[in-house]
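Peer 1: Before I ask anything, here is the structure I am working with.
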Amino acid sequence: MAEANWYVVHTYSGYENKVKANIEKTIENRRLQDEILEVRVPLQEATEIKNGVKKQVARKMFPGYVLINMVMNDDTWYVVRNTRGVTGFVGPGSKPVPLTEAEMRPLGIIEEEKEVPVNIDVEVGDEVIVTSGAWEGTVSSVKAINMNKQTVTIEVEMFGRATSVEIGFLDIKKSN
């Protein structure tokens, strides 16, 4: 089966929610749940002040556009393109262009990858060897450990002086 991608559909302004509802109804009626996976109207929280009263409102991030996660084929293209209120897909000519990961990240469609915390069996004063980077092969003792940043501070000799340098947990190993 082909891979699903996110596409942008242009709609009449103000019809975004109607288009979303119509596409979702068509998905259900034609049993296209495996081909059209999700329909979104991206919203963002905003603070509005009316008559001196602050109020939180959800505003459309892109008025006139709807995002669809779907497998592009003739059937799905036809269903979306012929939905009332849709004027077309975003892309050159009649060829829809999927969103890239870089375009999806700020929309909250894909999450930023969280780094998995690394536990290390090194303590202040232990000897370590730097295994990669500019200081590769350097042997030094640990001066400080920063668990939040996942780094250790060591001292290296630079220009005839001892200089403190932060090295990531994954770039060191304990010296025996």
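Peer 1: Per residue of the chain, what 222 nm ellipticity follows from adding -39500 (n - 2.57) for every DSSP H run with n ≥ 4, rounded to the nearest 500?
Peer 2: -4500 deg cm²/dmol, from helical runs alone.
Peer 1: Also, I was wondering about something else. For P(r) over Cα pairs in 5 Å bins from 0, in percent, the choices are [x] 1, 7, 13, 12, 10, 7, 5, 6, 7, 8, 9, 8, 5, 2, 0, 0; [y] 1, 7, 14, 14, 13, 12, 12, 12, 8, 5, 1, 0; [z] 1, 8, 14, 17, 16, 13, 10, 7, 5, 4, 2, 1, 0; which was calculated from the structure?
Peer 2: So the calculated entry is the one marked [x].
Peer 1: What share of Cα pairs, in percent, lie more than 11 angstrom apart in region 135-176?
Peer 2: 64 percent
Peer 1: In nm, give the distance between the simple-model label positions of PHE159 and GLU123, each being 7 Å from the Cα along the Cα-to-Cβ direction.
Peer 2: Modelled inter-label distance: 3.6 nm.
Peer 1: Summing +1 for each Lys or Arg and -1 for each Asp or Glu, what net charge is found among the other residues whose Cβ lies under 12 Å from the Cβ of ARG30?
Peer 2: -3
Peer 1: Follow-up question, since we're still on this one. If packing is taken as the average count of other Cβ atoms within 10 Å, what order do 156-162, 73-79, 87-93, 22-28 fall into, highest mean first?
Peer 2: 22-28, 73-79, 87-93, 156-162
Peer 1: As an exercise, identify the chymotrypsin sites (Phe, Trp or Tyr not before Pro) in region 3-53 lying in DSSP coil whose Cβ has no more than 13 other Cβ atoms within 10 Å.
Peer 2: Those that pass, being in a loop and sparsely packed, are TYR12.
Peer 1: Quick one: Cα centre-to-centre distance for region 1-77 and region 123-168, in angstrom?
Peer 2: Computed from Cα coordinates, the inter-centre distance equals 50 Å.
Peer 1: Kindly report the accessible area of region 30-127 per residue (heavy atoms of protein chains, probe 1.4 Å, no ligands, DNA or RNA), in Å². Provide the component values of the computation, followed by the final result.
Peer 2: Values: 7050 Å² over 98 residues.
The answer is 72 Å² per residue.
Peer 1: Which whole number in µm²/s is D for region 70-109 by Stokes-Einstein, with the Kirkwood Rh taken over Cα pairs at 37 °C and 0.692 mPa s?
Peer 2: My calculation gives 284 µm²/s for D.
Peer 1: Taking all protein chains as present, what is the carbon and sulfur share of the accessible area of the chain, in % to the nearest whole number, probe 1.4 Å?
Peer 2: Exposed carbon and sulfur together represent 48 percent of the surface.
Peer 1: Okay, moving on. Under 17 Å from a point placed 7 Å out from the Cα of GLN33 along the Cα-to-Cβ direction: which residues of region 50-83 have their backbone N that close?
Peer 2: Hits in region 50-83 for GLN33 at 17 Å: 69-71.
The values are calculated or read from the model by the stated rules, or taken from the named source; none is laboratory data. Small disclaimer: the values here were computed from a predicted structure and weren't measured. Positions of Cβ are generated from backbone atoms using ideal geometry, with glycine treated the same way; all protein chains shown enter the neighbour counts. Note: accessible area is taken over every heavy atom of the protein model, side chains too, but ligands, DNA and RNA are not part of it. Shrake-Rupley method; radii C 1.70, N 1.55, O 1.52, S 1.80 Å.
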